[in-house]
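Remarks on the structure that follows.
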Amino acid sequence: MLAPVLRGGADDRELIYNIEVYKWIIEARNKISKLADWIGIYYKSEYISGEKSSDLLLGPYIGESTDHVKIPISEGLCGLALREERVVNIGDVNEDSRHIACSLKTKSELIIPLKNSYGDSIAELDIDSNMLNAFSKEVEEELKEFCLTFPLK
């Protein structure tokens, strides 16, 4: 889904960039297709919209729709990953009080920060699975390597 990041007045470059990111998400999902029930991007708002806030804004994603289009960086596992600029891999989200449920079916979550060419975190790849302990260390490492190819604006 592209809708969350396509605001009124979007120019052709913004549309093309979002399509490029959507294709990148498809490629990421194809690497782990049986594990991902929801996969998408949350951007730091200042990167995608120029807003001076610490919120995360939902970008392109594949999966069920979500009400979480804006998340304060101080909240949830997505906020944790960008606050601490580290991978968050939770085998059972129901055992972690920081988890913000987008779907009651979600059992595990993997979040990988995405960086610009200066090494600054600008967004994150967020993957939810309906299976417990879905993301092994090998899957995590493969996706971390893939995340180095994230298309920059």
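Here, each number is a calculation from the coordinates, and none is a lab measurement. Just so it is clear, the model here is predicted, and its values are computed rather than measured. Glycine also receives a Cβ, built like all others from the backbone with ideal geometry; neighbour counts cover every protein chain displayed.
Numerical summary
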item: Cα-centred dipole magnitude for the chain, charges only on beta-carbon of K, R (+1) and D, E (-1), debye, nearest 20; result: 160
item: Cα long-axis angle, helix 12-31 against the chain (0 to 90 degrees, to the nearest 10); result: 20
item: In nm, spacing of pseudo-spin labels at residue 54 and residue 149 (7 Å Cα→C-beta vector); result: 3.4
item: Rg/Rg_ref, the chain, where Rg_ref = 2.2 N^0.38 Å and atoms are Cα; result: 0.96
item: Overall form of the stretch 80-150 per C-alpha gyration tensor (a/c, 1.5; a/b vs b/c); result: prolate
item: Label-to-label distance, nm, for residues given as residue 70 and residue 100 (7 Å Cα→Cβ offset); result: 1.1
item: Spatial separation of Cα centroids for the stretch 20-40 and the stretch 77-153, in angstrom; result: 13
item: C-alpha long axis of helix 137-147 to longest principal axis of the chain, angle in °; result: 0
item: 222 nm mean residue ellipticity, helices alone, for the chain (DSSP H n ≥ 4; -39,500 (n - 2.57); rounded to 500); result: -8500 deg cm²/dmol
